[in-house]
Amino acid sequence: MSSSSEWVLYYWPLAGRGEFVRLVFEEAGVPYKEINDVELLSKNFKKIDLPPSEDFSFPCFAPPVIKKGDFVLSQTPVICEYLGKKFGLYPDGGEEEEYHARQFNLTIHDFIADGRLAFHGRNHTESYYTQKEETQTYIDFFVKNRLPKWLRNLEHLLNANYGKHGGKGYAIGTKMTYVDLALLHVLRATESQFPAPWEELKGSFPLCREFKERMSQRPNLAAYFKSDRCRPFEGNSMM
Ligand SMILES: N[C@@H](CCC(=O)N[C@@H](CS)C(=O)NCC(=O)O)C(=O)O
């Protein structure tokens, strides 16, 4: 049971997409409780023949899901935007900037989804370990063709914003937003999953590298990364 004033995050007991949401809570310094019970999550989000057992006031397809009182929300980019707005991690430069933030955030989520698919070439709902050999071709293709393209776009986005705002160092506008946290997460996941290409490509993406180092040192985030709340990357799907 959770109290009506408490934020709850439902997610599998791993980093995964849940990490995007955790970073927003952690940077904002807002307490949250996690429910990582695999049986409960499976009942609600895996078994197609059962009605949801947990009290979700609005149907959700898959975790991460957040809940506070009666309010329930899923879809990671939407959750992060919603929490960002609530916790002051939201652009303040007007409507166009808000949409640019959303564009940037969704690009990051496309990158994560593309990377994940490469690890699940035969069946995207089955574990990587059941298709390790078959999917290696997809991983190789991703590393050669897709990874540099995604990173190039992220580098361009940072360059464009830094140029516009005299090198303020954020993804969007002149202040920290939920997009910075999403970008930090995807860059950490990339480095962890693809250490050799990350090293090889370092000359091509200096802004991304500097951004990742700098953001990781923000006090709340640095404390989180050192804490046992922060789970290691799985190493099997860029998450
Ligand atoms: N677009 C959704 C995707 C959610 C998703 O695929 N969640 C995974 C874990 S990262 C899951 O549990 N999927 C269950 C399923 O697709 O059946 C989001 O960004 O939140």
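Calculate what fraction, in whole %, of the accessible area of segment 7-86 sits on carbon and sulfur atoms when a 1.4 Å probe is rolled over the protein chains. C and S fraction of accessible area: 57 percent. Centroid-to-centroid, using Cα positions, segment 48-112 and segment 1-41 are 13 Å apart. Computed about its Cα centre, the charge dipole of the chain is approximately 360 debye, with only Lys, Arg, Asp and Glu carrying charge at their Cβ.
Most tightly packed first, judged by the mean number of other beta-carbon atoms within 10 Å of their residues, the peptides 78-84, 41-47, 5-11 read 78-84, 5-11, 41-47.
Across q = 0.16, 0.21 Å⁻¹, segment 7-86 modelled as identical point scatterers on its alpha-carbon atoms has Debye log10 I(q)/I(0) values of -0.54, -0.94, in the order of the q list. Placing +1 on the Cβ of every Lys and Arg and -1 on the Cβ of every Asp and Glu, with nothing else charged, gives segment 7-86 a dipole about its Cα centre of roughly 120 debye. Of the residues Lys68, Lys168, Lys212, ranked by 1.4 Å probe accessible area with the largest first, the sequence reads Lys168, Lys68, Lys212.
The charge dipole of segment 95-217, taken about the Cα centre with unit charges on the Cβ atoms of Lys, Arg (+1) and Asp, Glu (-1), comes to about 200 debye, rounded to the nearest 20. Within the same chain, lysines fewer than 8 places from Lys168 are excluded, and of the rest, those with a Cα less than 21 Å from its Cα are Lys85, Lys212.
For the full complex of protein chains and a 1.4 angstrom probe, list Arg122, Arg218 by accessible area with the highest value first. Working shown, then result.
Details: Arg122 115, Arg218 65 Å².
The residues order as Arg122, Arg218, largest area first.
Per residue, how much accessible area does the chain show when a 1.4 Å probe rolls over the protein heavy atoms, in square angstrom?
In whole numbers, the chain has 51 Å² accessible per residue.
The calculated 222 nm mean residue ellipticity attributable to helices in the chain amounts to -16000 deg cm²/dmol, summing -39500 (n - 2.57) over DSSP H runs of n ≥ 4 and dividing by all residues. Measuring with a 1.4 angstrom probe and ignoring ligands and nucleic acids, Glu213 comes out at about 90 Å² accessible. Calculation over all alpha carbon pairs of segment 95-217 in 10 angstrom steps from 0 returns a P(r) of 13, 43, 29, 13, 2 percent. Given Ala223, Gly167, Leu187, which one lies farthest toward the positive end of the charge dipole of segment 134-239, if we put +1 on the Cβ of every Lys and Arg and -1 on the Cβ of every Asp and Glu? The listed residue farthest towards the positive side: Gly167. Amide H contacts of Glu34 (H built 1.01 Å from N, in plane; Pro and chain starts excluded): Leu9 sit under 5 Å, all sequence-distant by 5 or more or on other chains.
Simple rule: put +1 on each Lys or Arg Cβ and -1 on each Asp or Glu Cβ in the chain, find the dipole, and look at Ser57, Ala113, Val38; the Cα lying farthest toward the positive end is Ala113. For the chain, the pair-distance distribution built from all alpha carbon pairs, in bins 5 Å wide starting at 0, is 1, 6, 13, 17, 19, 17, 13, 8, 4, 1, 0, 0 percent.
The values are calculated or read from the model by the stated rules, or taken from the named source; none is laboratory data. Here the structure is a predicted model, which is why all the values come from computation and not from measurement. Cβ coordinates were reconstructed from backbone atoms using ideal geometry, including for glycine residues, and neighbour counts include every protein chain displayed. Just the protein is used for accessible areas: all its heavy atoms, side chains included, with ligands, DNA and RNA removed. Shrake-Rupley method; radii C 1.70, N 1.55, O 1.52, S 1.80 Å.
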